[in-house]
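K.L.:
Take a look at the following structure, please.
Only the coordinates and a few stated rules stand behind these numbers; no lab work does. Fair warning: this is a prediction, and the values are worked out from it, not measured in the lab. Cβ atoms come from the backbone with ideal geometry, glycine included; neighbour counts cover every protein chain shown.
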Amino acid sequence: MLQGSDTPSVRVGMIRGAEEIRFEVLGPHRIRSSDGFHLEAERASRYAVSRSETSVPGSQHWVRFAITLPGERPTRPAPPGAEVRELVVGRRIQLPHLRVDNRETWHLVGPFPDNASAEAFRRGQPRPGELTVLQLPSGQAEGWATLDGRRVQLPITVLPENPQEPQILLRDVLIGIEFHWQHREDELLRGALEIAAGPDGKLVAINELSAEAYLASVNSSEMTPDSPEELLKAQTVAGRSTLFATAGKHHFGEPFDLCADDHCQCYYGASRERERSWEAVRSTWGEVLVSDGRVCDARYSKICGGIMEDYRFVWDDRRIPYLTSGVDGPEPLPVPANSEEAARQFIRSSPDVYCNVDRYPLPESLRERCQGLFRWQVRYSRSELEELLATRVGVRVGRLLDLVPMERGDSGRIVHLQVVGTEGRVILGKELEIRRALSSSHLYSSCFYVEKELDGHGFPEFFRLIGAGWGHGVGLCQVGATVMASRGFSYRQILAHYYRGAEILRAY
């Protein structure tokens, strides 16, 4: 639980939806459970926790149509035909030098009997990408598990004798979930490990540790430890800001603050740490970005493609003053690239911008991951795309005829995409749903245009997606920031470039 102290702690969801969780403690430790079970171990030991029986609280499906700050009213009316509900989420945290209040109000319509009904309602709205389906539990799951043959009540807490050192080895952590680099790793952790029941009744592994130790891994998990020093500092401040701005919101109803993957921010444990990682933490200790009295939700992505995107074109339709569009370089570009012709011209170009990996060198560990992603192409057969649309987002329109951009953001990213077939039309959006629909993992970005190859009867046989960038493009461009750091910009200059008008304050 985040708390108001000189070194607040954070609870990170490492594994979710598991039937069994395996871990090893590398030195003296103790384990306790909710039913009073207590174990003291003087040496390293291995354990396996298996789900036994759990009680799952009821839940309801709702559709969120707007987000506002407490006391504000949404700028869009509620969709007709369902009950309207307001839900305040987030936290207030008093830190030594800053009072953090990240609360916001979710405006919901519902409830719906199941996810399919809620999703059908969302897709039936004029701009479905502005709405989000949520499953809200009515309470916390409870239950029992088996710890090496002994029945114990959840949650189970594992506390090493020296939690400041990496002492817990958590097995088979899935990282890069649904992206092209998805794989499993064993993660070495500082702090404590908790195994609890998640909202679905399955096991959740939670790592609780100090926020600063967490950030020493985040800055090098999100990037690489050999990144320039000023980049690691900028990434640390952005990561600390994200932690305090989003805790309790991205995983509302789950027993942790943030998850350990791209959905929140990447945290791969102490094995990613280096002395340079810790130096970036120590030199920015407690620093956060603040705008209009609130800690910034400092979004970031890998490669913006040359133009940063505006928040409102990727998520809910709100203007966030520090997350606006801009050119990722010192030279002007024709912006915004929000028309079809402007987007095509931009994607076909190779502008002199910081994130252009074809122009600027990157650290060796980053170079291979990013090569060919400033500008890219993918080619699908019609049947491949039809299968992807059906399996990934449940869209079936008969024989696929076209993919038509309905709206583009300032960076050229598609906001809403119309899928046209012989049996109907469906609108996809926003950015993440489009990327999920058009790839077996996730398409690199939604900044692309479409070229069709026709068969002898004039029907599309192949679709070529020609695109730019990797990720949503909002906020800090990690590759652009890396190049800025290598060219002598300080972390403060980097943050000022990507988060317009935000100031840096020390929270503790």
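K.L.:
Return the long-range amide H neighbours of Gly201 (sequence gap of 5 or more, or a different chain), with a cut-off of under 5 Å between placed amide H atoms.
P.N.:
So Gly201 has HN proximity to no qualifying residue.
K.L.:
Follow-up. Using +1 at the C-beta of Lys and Arg and -1 at the C-beta of Asp and Glu, which of Ser45, Ser59, Val100 has the Cα lying farthest in the positive direction of the dipole of the range 1-153?
P.N.:
Val100
K.L.:
Continuing with the same structure: In debye to the nearest 20, how big a dipole does the chain give about its Cα centre with +1 on each Lys and Arg Cβ and -1 on each Asp and Glu Cβ?
P.N.:
Value, rounded to 20: 640 debye.
K.L.:
From zero up to wherever the largest Cα-Cα distance of the range 299-474 sits, split into 10 Å bins and tell me the percent of pairs in each.
P.N.:
Here the calculated profile for the range 299-474 is 10, 38, 34, 15, 3, 0.
K.L.:
Order the peptides 340-351, 470-481, 491-502, 74-85 from the highest to the lowest mean number of other Cβ atoms within 10 Å of their residues. Before the final figure, lay out the partial values.
P.N.:
Working: 340-351: 16.2, 470-481: 28.2, 491-502: 20.9, 74-85: 12.8.
Highest to lowest by the protection proxy: 470-481, 491-502, 340-351, 74-85.
K.L.:
Below 8 Å between Cα atoms, with a sequence gap of 6+, how large is the relative contact order for the chain in percent? Can you show the working numbers first?
P.N.:
Working: 1250 pairs, mean separation 82.5, N = 508.
Relative contact order for the chain comes out at 16 percent.
K.L.:
Once the Cα atoms of helix 382-393 and of the chain are each reduced to a long axis, what angle between those two axes, in degrees from 0 to 90 to the nearest 10, is obtained?
P.N.:
40 degrees
K.L.:
Okay, next question. Cα axis of helix 211-222 to longest principal axis of the chain: angle in degrees, 0 to 90, nearest 10?
P.N.:
40 degrees
K.L.:
For the chain, report the translational diffusion coefficient in µm²/s to the nearest whole number, using Stokes-Einstein at 37 °C, 0.692 mPa s, and a Kirkwood Rh over Cα pairs. Walk me through the numbers on the way to the answer.
P.N.:
On the way: Rh = 24.1 Å.
Value of D from the Cα-based Kirkwood radius: 136 µm²/s.
K.L.:
Given an 8 Å cut-off on Cα distances and at least 6 residues of separation, report the relative contact order of the range 213-353 as a percent.
P.N.:
Details: 170 pairs, mean separation 32.0, N = 141.
This gives 23 percent for the range 213-353.
K.L.:
Another question about this same structure. Using the charge dipole of the range 1-146 (Lys, Arg: +1 at Cβ; Asp, Glu: -1 at Cβ; taken about the Cα centre), state which of Pro28, Thr75, Pro111 has its Cα farthest towards the positive end.
P.N.:
My answer, from the dipole projection, is Thr75.
K.L.:
By how many degrees, between 0 and 90 and to the nearest 10, does the Cα long axis of helix 229-246 differ from the longest principal axis of the chain?
P.N.:
With both axes taken from Cα atoms, the answer is about 80 degrees.
K.L.:
Run the reach check for Lys452 against aspartates and glutamates, Cα to Cα strictly under 20 Å, same-chain hits fewer than 8 apart removed. What comes back?
P.N.:
Filter leaves Glu340, Glu341, Glu384, Glu386, Glu387, Asp402, Glu407, Glu423, Glu461.
K.L.:
Once a ≥ b ≥ c are taken as the square roots of the eigenvalues of the Cα gyration tensor of the range 126-169, is the result rounded (a/c under 1.5), prolate (a/b larger than b/c) or oblate (a/b not larger than b/c)? Write out the running numbers ahead of the final one.
P.N.:
On the way: a/c = 4.12, a/b = 1.88, b/c = 2.19.
Oblate, since a/c reaches 1.5 and b/c is not below a/b.
K.L.:
Residue by residue through the range 301-308, what is 3J(HN,Hα) from phi via Karplus (6.51 cos²θ - 1.76 cosθ + 1.60, θ = phi - 60°)? Round to whole Hz and write x for glycine and proline.
P.N.:
Computed from phi, the couplings for the range 301-308 are 9, 6, 9, 6, x, x, 10, 5 Hz.
K.L.:
Separate question: Based solely on its DSSP helices, what 222 nm [θ] is calculated for the chain when runs of n ≥ 4 H residues each add -39,500 (n - 2.57) and the sum is averaged over all residues, nearest 500 deg cm²/dmol?
P.N.:
Numbers: 10 runs with 100 residues, N = 508.
One gets -6000 deg cm²/dmol as the mean residue ellipticity at 222 nm.
K.L.:
Take the alpha carbon atoms of the range 452-508, find their center, do the same for the range 190-233, and report the distance between the two centers in whole angstrom.
P.N.:
Rounded to whole Å, the Cα centres lie 24 Å apart.
K.L.:
Quick one: of Lys202/Lys302; Lys202/Lys430; Lys249/Lys430, which pairs are farther than 23 Å apart, Cα to Cα? Please report the intermediate quantities before stating the final value.
P.N.:
Details: Lys202/Lys302 32 Å; Lys202/Lys430 30 Å; Lys249/Lys430 20 Å.
Check vs 23 Å cut-off fails for Lys202/Lys302; Lys202/Lys430.
K.L.:
Okay, next question. Could you give the nm distance between label points at Val88 and Ser441, where each point is 7 Å from its Cα heading toward the beta carbon?
P.N.:
4.2 nm
K.L.:
Right, next: Shape of the range 166-286 from its Cα gyration tensor (a ≥ b ≥ c, root eigenvalues): rounded if a/c is under 1.5, otherwise prolate when a/b > b/c, or oblate? Can you show the working numbers first?
P.N.:
On the way: a/c = 1.66, a/b = 1.48, b/c = 1.13.
Prolate.
K.L.:
Give me the number: length gained by fully extending Arg76 to Arg151, i.e. 0.36 nm times residue separation minus the C-alpha to C-alpha distance, one decimal in nm.
P.N.:
21.9 nm
K.L.:
Gain in length, Asp352 to Glu364, computed as 0.36 nm per residue apart minus the alpha-carbon separation, to one decimal in nm? Can you show the working numbers first?
P.N.:
Working: separation 12, 0.36 × 12 = 4.32 nm, distance 2.11 nm.
Contour length minus the Cα-Cα distance gives 2.2 nm.
K.L.:
Oh, and also: Between Ser381 and Arg46, what length in nm is gained on full extension when 0.36 nm per residue of separation is reduced by their alpha carbon distance?
P.N.:
Values: separation 335, 0.36 × 335 = 120.60 nm, distance 4.87 nm.
Stretched fully, the Ser381-Arg46 segment lengthens by 115.7 nm.
K.L.:
Also, quick follow-up: May I ask you to derive the relative contact order of the range 102-161, considering only C-alpha pairs under 8 Å and at least 6 residues apart, and to give it as an integer percent? Before the final figure, lay out each step's value.
P.N.:
Details: 22 pairs, mean separation 10.0, N = 60.
Dividing the mean separation by the residue count of the range 102-161 yields 17 percent.
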